[in-house]
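This report concerns only the one structure given below.
The values are calculated or read from the model by the stated rules, or taken from the named source; none is laboratory data. Computed from a predicted model, the values in this text were never measured in an experiment. For neighbour counting, all protein chains shown are included, and Cβ atoms are generated from backbone atoms with ideal geometry for every residue, glycine included.
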Amino acid sequence: MRHRLRPPPWDAFAAGTPGRRNARIAGYPVPVVSLIDGLCMGGGLGLSVHGSFRVVTERAVLAMPETGIGFFPGIGASYFLPRLPGAIGMYLGLTGQRIDAADALYTGLATHFVPADVLDTAGDALADSPDEPVDVVLNRLAGRSPVAESRLAEVRGDVDFAFGASSLGEIDKRLRHLDIPWAAAALGAWSPPRRRAWRSPTPCWSRAGSARCASAWRPNSPSRVRPSAAGLPGGRPCRPGRKNRTPAWQCASLGGRTLPS
């Protein structure tokens, strides 16, 4: 008889900080299947990406937008962003760019595609097939994968060229040198608060290549930058700026600020 692992009670699993909870997902003794059918950003992506299987539909939108309010990407992003192909992780982390199902599959943030109109059957299909591998069941539900339509794949060479630079100033310079619509959009997305978020050293990024997933939760918290121009105390998770959402950011020049190697 095949041994079946008994998952811990939900109360015990969900206890503690979001970081600890997501670290438990990464080390969970049974497969964790995340069904992503819509917006999945920040903490939502943290809950999803550390599981064994990440299923997206055509309505999925993924992003790590923390830098938009001057924070370093959290929820274990220092673990999973550096593991994306090429310099895609740096691009997504710096700009907070939203990606669709095709890009999620291309980068590996998603593992399977299931059309939205059959997603509700996934739970029953898995429950009714306890002796089959999860991958086999999900592939049976899958529709035509949209990965061939990935927009990130089309600009992958430019992403690696620009965001593979060793300093923030060089990234800025390379984006301006490319002089193409994608580069202009990346520059526009890389707003002053996003630049502030990367001003402080981020050793967690450089150690991520060899770190265990659980260790990615510890260095993230001190990496949050306090946006002093907005007068926020302690880096609280709220939108900085005035009521009309036009904050007066005061951002120093990027210069040759070096990124972690």
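Here are the numbers for the structure shown:
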{"read-out": "Some residue of the range 71-84 being touching a helix residue (DSSP H, G or I) at 6+ places or on another chain (Cβ under 6 Å) and loosely packed, with under 15 Cβ neighbours inside 10 Å", "value": "no"}
{"read-out": "Test: Arg174 is of a type in the set (D, E, K, R), closer than 13 Å to Tyr91 by Cβ and crowded, with 16+ Cβ neighbours inside 10 Å", "value": "yes"}
{"read-out": "Helices (runs of 4 or more DSSP H) contained in the range 1-105 and holding at least 1 residues within 22 Å of Val147 (Cβ to Cβ) and modelled with pLDDT under 95", "value": "43-49, 77-80, 88-95"}
{"read-out": "Residue in the range 128-145 that is modelled with pLDDT of 90 or more, under 22 Å from Asn22 (Cα atoms), touching a Lys or Arg at 6+ places or on another chain (Cβ under 9 Å) and surrounded by fewer than 20 Cβ atoms within 10 Å (Cβ to Cβ) present", "value": "no"}
{"read-out": "Selection from the range 142-180 of residues that are of a type in the set (Asp, Glu) and assigned to a helix (DSSP H, G or I)", "value": "Glu149, Glu154, Asp158, Asp160, Glu170, Asp172"}
